[in-house]
Amino acid sequence: MASLRLFLCFFLFTASSVNIVCSRSLQKDHIALFVFGDSVYDPGNNNYIDTISRANYYPYGETFFKYPTGRFSDGRLIPDFIAEYANLPLIPPYLQPGNHEFTTGVNFASAGAGALSETNQGFVRALAVIDLKTQLSYFKKVAKQLRQELGDAEAMAFLSKAVYLINIGSNDYVLPFTSNSTVFQYFSKQQYVGMVIGNLTETIKEIHMEGGRKFGFRNFGSLGCIPLLKALVPGNTAGSCFEQVNELAKLHDAALTEALEEMEIKLVQFKYSMHHLNIYLSELTKNPGRFATQPQCQVIKENEAYSNVDVCTDFVLQGFKEVNKACCGSGPYRGISSCGGRRGVTEYELCSDPTQYFYFDSSHVSEKANKQIAQLMWSGPPDITGPYNLKAFFQP
């Protein structure tokens, strides 16, 4: 790999030409994006490991890329949109061959991963994924490489300016109810959530020790209402949610908020952004055809964490015709994970227009939904995303 200290080259596109601009060191306002998590954020890392937890086949990717990339959606994911808003290229998967430069960041997320190493590990070899602990080890390798290339001081400055998106834990809470797990015979719900949060907070602290200062999260909201879990409710014709998972999600959201508030006090320069997905989903469920938010500008202007221009401009997010049933799958609510013939199920249903559906498959939302969530994470008002929004983290 060419030394980052010697040169960095960027392609600038204009209407009439392509210009290559090279610099001898990182720009002062250069802010990278590092991503950790599960299938909600995985851009295709699982394409490069021995697992069946992949989305590298039709119809995944058809809306935007026109081919499957490994993303569990019809198009782009939340980190893709955040990168766009931050004027970064698509953040590549860490395991992608030939990916050895990390000046704009890198994505470690792996579909099926959990905060607990045991989640989706050890049951069947083909289900193996990259757990959070392994993702952290990959990040440490990247940090070490950056120190070697940039020197300790410049690498620390680079990592401290970077933004760290993390979304993990949902598989830890869903898997016990979709497998023959006996975990709740040995642990209470509170104890189990405590283990998940414990692993997550330890990872955050390790990233902080490497230089990370700005972290972005979203809570789980009504996790038990995804089509996969609605389909597990016996005789469910009224759209009922799987309340045991909702209970775990509620405990998780409260515990994570408490942990983040504590780290904000104890860790040097630690800042976080939490998107309250439950507020968005609640409004969306009440009025699927149209979701609008009208921020209170006076409150926001007094909060340095928000951009006055973007957040104080009212915006309307176009709604969906269907918020209960998936676009792709089979069975009740298309909640059986058969999209694209997944896991040996050859017959499945596919809607004609994914933009009318909140969920693309049994567990994952559509590109349109990802974009709306990303917009709210980027510049949402403080009652939806706070104490900072992500745009504030990318401002020099």
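The values are calculated or read from the model by the stated rules, or taken from the named source; none is laboratory data. If you're wondering where the values come from, they're calculated on a predicted model, not measured in any experiment. Neighbour counts run over all protein chains shown; Cβ positions are idealised from the backbone, glycine included. Note: accessible area is taken over every heavy atom of the protein model, side chains too, but ligands, DNA and RNA are not part of it. Shrake-Rupley method; radii C 1.70, N 1.55, O 1.52, S 1.80 Å.
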A careful count of residues in segment 154-169 that are open to solvent by less than 20 Å² (accessible area, probe 1.4 Å) and in a helix (DSSP H, G or I) gives 3
For residue 177: the one exception among (1) open to solvent by 20 Å² or more (accessible area, probe 1.4 Å); (2) over 19 Å from residue 252 (Cβ atoms); (3) of a type outside the set (Ser, Thr, Tyr): (2)
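Going through 206, 202 one at a time, which residue ends up being free of Cβ contacts under 8 Å to residues at least 24 places away in the same chain and open to solvent by 40 Å² or more (accessible area, probe 1.4 Å)?
On inspection, the qualifying residue turns out to be 202.
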Just to be sure, is residue 352 among the small types (Gly, Ala, Ser) and free of Cβ contacts under 8 Å to residues at least 24 places away in the same chain? yes
A careful count of residues in segment 207-235 that are basic (Lys, Arg) and under 14 Å from residue 264 (Cα atoms) gives 2
Subset of segment 327-344, residues in contact with a Cys (Cβ under 9 Å, 6 or more places away or on another chain) and either among the small types (Gly, Ala, Ser) or on the phi < 0 side of the Ramachandran plot (or both), comes to 327, 328, 329, 330, 338, 339, 340
Looking at (1) modelled with pLDDT of 90 or more; (2) in contact with a strand residue (DSSP E or B) (Cβ under 7 Å, 6 or more places away or on another chain); (3) among the β-branched types (Val, Ile, Thr), find the lone condition where residue 265 falls short. (2)
In segment 63-75, what residues are open to solvent by 30 Å² or more (accessible area, probe 1.4 Å) and either of a type in the set (Gly, Ala, Ser) or out of contact with any Gly (no Cβ under 9 Å at 6 or more places or on another chain) (or both)? 66
So which pairs qualify, if the first residue must be in segment 221-249 and under 20 Å from residue 358 (Cα atoms) and in a helix (DSSP H, G or I), the second must be open to solvent by 30 Å² or more (accessible area, probe 1.4 Å) and of a type in the set (Ser, Thr, Tyr), the Cβ gap must be under 6 Å, and the two must be at least 6 apart or on different chains? 227/333; 228/363; 230/333; 246/222
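Test of understanding: among 60, 48, which residue is surrounded by fewer than 18 Cβ atoms within 10 Å (Cβ to Cβ) and within 20 Å of residue 113 (Cβ to Cβ)?
48
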Tell me which residues, restricted to segment 29-45, are open to solvent by less than 50 Å² (accessible area, probe 1.4 Å) and in a loop (DSSP other than H, G, I, E, B). 30, 31, 32, 38, 39, 40, 41, 42, 43, 44
Being open to solvent by less than 20 Å² (accessible area, probe 1.4 Å) and either closer than 18 Å to residue 163 by Cβ or not in a helix (DSSP H, G or I) (or both) is the filter here, so list the residues in segment 365-378 that pass it. 366, 370, 373, 374, 376, 377
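Within the group 387, 396, which residue is open to solvent by 40 Å² or more (accessible area, probe 1.4 Å), modelled with pLDDT of 95 or more and out of contact with any strand residue (DSSP E or B) (no Cβ under 7 Å at 6 or more places or on another chain)?
Working: 396 fails: modelled with pLDDT of 95 or more.
Result: 387 is the single residue among 387, 396 that is open to solvent by 40 Å² or more (accessible area, probe 1.4 Å), modelled with pLDDT of 95 or more and out of contact with any strand residue (DSSP E or B) (no Cβ under 7 Å at 6 or more places or on another chain).
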When you check residue 309 against the structure, is it surrounded by fewer than 18 Cβ atoms within 10 Å (Cβ to Cβ), modelled with pLDDT under 95 and part of a strand (DSSP E or B), yes or no? no
Yes or no: segment 131-153 includes at least one residue that is surrounded by fewer than 16 Cβ atoms within 10 Å (Cβ to Cβ), at positive phi and at pLDDT 95 or above. yes
Among the residues of segment 1-59, write down those that are at pLDDT 50 or above and aromatic (Phe, Trp, Tyr). 34, 36, 41, 48, 57, 58
Between 229, 248, 277, which is crowded, with 20+ Cβ neighbours inside 10 Å and modelled with pLDDT under 95? 277
